Amino acid sequence: MNDAFQVHSDPELWEELGMDVARFSGMPPMLTNAYKNIFLSQHNRPERMSYFDDMVANIHTGRIREIYDAKKGGKPVIGTFCVYVPEELVVAAGGICIGLCGGAQGSIADAEKILPRNICPMVKSAFGFKVGKICPYFQVVDLVYGETTCDAKKKTWELLDRYVPTHVMEIPQMKRERDKWLWLDEVKDFKSAVERITDTVADFDAVAAGIKTINAKRFALQRLNALRHHNPSPISGRDMLLIEQIAFYDEPVRFAQKVHALCDELEQRIGNGVSVAPASTPRVMVSGTPMALPNWKLHFIIESAGAIVVNEESCIGTRYYKDLIDEGSTDLEQQLERLTERYMKIDCSCFTPNDDRIAQVLKEYEASGAEGIIDYCLQFCHTYNIEAVKLREACEARGIPFMSIETDYAPDDVGQLQTRVEAFLEQIRG
Ligand code: BJ8
């Protein structure tokens, strides 16, 4: 355990960003404790996790300072909530793209003063961060770009616009040929909106560079995920989840380099037979709704119960990096079309039909060497919740142990979840 670890504070910077400093000051010590307990208590972690530990230590200071300085130097900051909003075009236009999804219980009460209680905790958490002025990332963005994926999100954007300029991208709910053309128009609108704010026009070369940068980031994550599938695994599931979360706020080129450096270490560990858990450890794959930082609840429960998480079929997981954009386009129109095609492959449950996702889950189950699937659904997320019916049927037909859980960010159900996870692991162990 690294006792020196501390999530840093910078009240002056927070003041400058218009945050509620008095309230936010309690956040770093809380995060420090949680991080030490959940991450630094693990044995035999890869040494190069130290970079990602530092990213957490600097989450409210160093990285924010870096973004803020870049913004003052003319690089606008765009916040997003969904992996359907193409960050390649933000990079191409010279901006910074950061994910703003909320994974903390602490901001939910702020949201519930305005929003109904019975909606997804991820939406409430993000909204609460803004209205409570308790997230430096929300404070540093120039505009946010929402989407029409689910009802909770698309209606919340109307209210969020009162606090920060909020644009909305229409995401079709089907994937027919005609939907592709609608989608392509939305991509073009997004490009124009980003260009207006960056005051640049992203030409063919700029878009090619943006695609290359984000492809490289996704490729690094693909490499890491393939390595963690090794049995015995050289890295824990919670460390992998953390890296997948950091992918949404780190600088993309540096992030990819650090992920590759970690991969090099993992290759050595595999070669030397070094792992975080013995090969006999039950291997669990998690599928379903995304786990935004600092939502580590389910992974911690699973791994504390003596299993290891070997795959996240999630938008903070493989849905974010499984597909790359074809880099062989010869003109801008073709680039945007290839980009749209890549985004159309993301198999979010807000689409109908969405059988590709079932096939993808089964494919990842095989590739990861998992021995069971826990499908994770945030409370009130109807599309993932209902899609779990088909997923269960597909798993049962193949004899794959399957359990679905629905939860939020509150600690109240931890005991009950522990019991269910332990029973599930018994089923896997036979
Ligand atoms: S592409 S999963 S990031 S929409 S969990 S807020 S759907 S009620 S997060 Fe998502 Fe894009 Fe889909 Fe991925 Fe609504 Fe469901 Fe909450 Fe959700």
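The values are calculated or read from the model by the stated rules, or taken from the named source; none is laboratory data. What you see is a predicted model; the values in this text were computed from it and never measured. Because the Cβ atoms are built from the backbone with ideal geometry, glycine has one as well, and the counts that use them run over all protein chains shown.
Listing for the model above:
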item	result
Number of positions in the stretch 270-285 that are part of a helix (DSSP H, G or I) and under 12 Å from R228 (Cα atoms)	1
The stretch 44-90, residues that are assigned to a helix (DSSP H, G or I) and either modelled with pLDDT under 95 or among the polar types (S, T, N, Q) (or both)	S50
Output for the stretch 331-374, where each listed residue is away from the ligand (no atom under 14 Å from the Cβ), of a type outside the set (D, E, K, R) and closer than 30 Å to I301 by Cβ	I358, A359, L362, Y365, A367, S368, G369, A370, G372, I373, I374
Hits in the stretch 357-377 - residues which are of a type in the set (A, V, I, L, M) and in contact with a strand residue (DSSP E or B) (Cβ under 7 Å, 6 or more places away or on another chain)	V361, A370, I373, I374
The stretch 171-185: number of residues that are outside any loop (DSSP other than H, G, I, E, B) and within 14 Å of the ligand (Cβ to nearest atom)	1
Close pairs (9 angstrom Cβ cut-off, 6 or more residues apart or separate chains): more than 23 Å from M344 (Cβ to Cβ) and in a strand (DSSP E or B) in the stretch 149-170, within 16 Å of the ligand (Cβ to nearest atom) and of a type in the set (F, W, Y) anywhere	T166/Y145; T166/W157
Among residues of the stretch 35-62, those that are under 24 Å from S233 (Cα atoms) and touching a residue at least 24 places away in the same chain (Cβ under 8 Å), counted	19
Within the stretch 206-237, tally of residues that are in contact with a strand residue (DSSP E or B) (Cβ under 8 Å, 6 or more places away or on another chain), of a type outside the set (G, A, S) and either buried (at least 21 other Cβ atoms within 10 Å of the Cβ) or without any contact (Cβ under 8 Å) to a residue 24 or more places away in the chain (or both)	2
Inter-residue pairs, beta-carbon under 8 Å, first in contact (Cβ under 8 Å) with a residue 24 or more places away in the chain and outside any helix (DSSP H, G or I) and in the stretch 118-144, second within 11 Å of the ligand (Cβ to nearest atom) and among the aromatic types (F, W, Y), 6+ apart	N118/F380; I119/F380; C120/F380; V144/F81
Count - residues of the stretch 310-356 that are touching a strand residue (DSSP E or B) at 6+ places or on another chain (Cβ under 8 Å) and charged (D, E, K, R)	3
Residue match in the stretch 295-310 (condition: in a helix (DSSP H, G or I), closer than 30 Å to D179 by Cα, in contact (Cβ under 8 Å) with a residue 12 or more places away in the chain and of a type in the set (S, T, Y))	no
Which listed residue, of R357, R319, R269, R342, is over 21 Å from the mean Cα position of the chain (by Cα) and of a type in the set (K, R)	R269
Some residue of the stretch 130-149 being of a type in the set (K, R), within 13 Å of the ligand (Cβ to nearest atom), at pLDDT 95 or above and touching a helix residue (DSSP H, G or I) at 6+ places or on another chain (Cβ under 6 Å)	no
Criterion violated by L224 - all others in (1) assigned to a helix (DSSP H, G or I); (2) within 12 Å of the chain's Cα centre (by Cα) satisfied	(2)
Residues located in the stretch 375-401, provided they are under 23 Å from the mean Cα position of the chain (by Cα) and either more than 16 Å from the ligand (Cβ to nearest atom) or on the phi > 0 side of the Ramachandran plot (or both)	F380
Selection within the stretch 311-330 - in a loop (DSSP other than H, G, I, E, B), of a type in the set (S, T, Y) and within 12 Å of the ligand (Cβ to nearest atom)	S314
Failed criterion for T289 (all others in (1) over 30 Å from A202 (Cα atoms); (2) surrounded by fewer than 19 Cβ atoms within 10 Å (Cβ to Cβ); (3) within 14 Å of the ligand (Cβ to nearest atom) hold)	(2)
Among (1) free of Cβ contacts under 8 Å to residues at least 60 places away in the same chain; (2) under 27 Å from C263 (Cβ atoms) - the single one D69 does not satisfy	(2)
